[in-house]
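Worksheet: one structure, shown below.
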Amino acid sequence: MDRLKGILATLAGDMFALIAAWYLFYIAKFEFNWFDSAATVQPAALFVPAVVMAIYWLIIFSVFGLYKNLFMISRFDEMVRVGKITIVGTLILFFLLFIDQLNWNAQNIGEAKYYTITYWLTVFVSVSVVRFIVRTIQKYLTLKGYNLHKAIIVGTGPNAIQIYEDLRRNKIWGMDVVGFVDLDESTEHELPQKRLGVVSELKNVIDAHQVNDVIVALELENSRELVKVIDQTEKPNVSVKILPDFYQMIIGLNRTNQIFGLPLIDVLPDPMPQWERIVKRVFDIVAALILLIISAPVGLLLLALVPLTSKGGPVFSQERVGRFGKVFVMHKFRTMYQDAEARTGPMWAKENDPRITPLGNLLRKLRLDEIPQFWNVLKGDMSLVGPRPERPYFVNQFKKEIPLYTRRLRVRPGITGWAQVKWKYDETFEDVVEKTKYDLFYVENMSLKMDFKILLNTLSTVLTGKGQ
């Protein structure tokens, strides 16, 4: 709720600043005659275009992530971000408004340049000033104990006690520590705040206390426990930060973020910028629609052929685990005999798998069995590119046995992925471990460039019939 309040306050401030910027720009243009303009405009007539321009800017700000990570952001850093993004937005406006009107003589180009620079300065200054005021008010309220982020500290040693005392003394850091999480039940410590549980219960502790930040302050000898902590904190809107030791900071192995002088490392932040995420989702929707239309004749043919070649319906539906552990129903054309796992239970596919029908073998080689999954992409359950979605039965098993396996659940699962183009089909547990390494590499290095590379590799697999 505090996160939402911060976003709404920033949105309202931006809307006011952007409408004001439009009025200021026209005052400079018509009242002060900065551009040798003789025309005049009534203030009331400016309101509708001012709102339209404000909406344009709010979209630009959203696409470039100006409404993310607003909590306790540095006012100077925010001003720099606003400056960069308003330059981009103003250049877009310049080309949209002037590119067809310019005769490319010196006078017209000079006039367009003055318009553009003046409008950019007006927007930049207006938004920066209002955001500075909003952040100052937020920081004042934080000092009074309002709108604090709920935080827990993992660890109960000297490092944990020290960071608790620092946070308690300095409300400006914006965190309210609700308690400590210990490594195991066998240790008992005198703590300045209540003990909420142990690492194995961390997920329940986060839910019960609506925690926003998990601060890991382990002693050096317990640093390997960090993996267990990360496995328990793969949740939306929950950040994990660790307190680096002095040696780590000196040799530069870690990149730290300063929170008013307190060095903290963000663990596994999202690598893909907001605008790339939006482009990725738009591309998913457009591509899935086109591919569903193009593949419609083949899909209709398979609806008839699959039941004719083996007993059962043409489409196979199965529960899979999606982003942040949400279970959804994935669809594909049936490639196995009906009730293939009724006797064996869930099991991996293997080479020359007797459960797969002759037609199903062909469909898998050409990836045609995955045509219905474009519907899952349209719904938002899946993406074209991402880690393959697994069944709940196997996910529950792998989470216990493969470190950081849950990290791959931070993104939408995909029809194809880095592991699919770089590793063979899962036949053993060792294969799953190796493919998880590729999935984690993808999650930590997501980009549009990488997605297109994977799609090209997948297209090559389809055309050569090398699928499994």
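The values are calculated or read from the model by the stated rules, or taken from the named source; none is laboratory data. What you see is a predicted model, and the numbers here were worked out from it, not measured in a lab. Because the Cβ atoms are built from the backbone with ideal geometry, glycine has one as well, and the counts that use them run over all protein chains shown.
For the reader, a short list of remarks on this structure follows.
- Test for VAL134: is it under 13 Å from PHE71 (Cα atoms) and buried (at least 19 other Cβ atoms within 10 Å of the Cβ): yes
- Filtered residues of the range 50-71 (kept if farther than 21 Å from ILE278 by Cβ and touching a Phe, Trp or Tyr at 6+ places or on another chain (Cβ under 7 Å)): ALA50
- Residue check, LYS422 charged (D, E, K, R), surrounded by 15 or more Cβ atoms within 10 Å (Cβ to Cβ) and closer than 19 Å to ARG320 by Cα: no
- Exclusive hit being touching a helix residue (DSSP H, G or I) at 6+ places or on another chain (Cβ under 6 Å) and outside the structural domain of GLY325 (by TED's automatic domain parsing), set ALA217, ALA160, ALA208: ALA217
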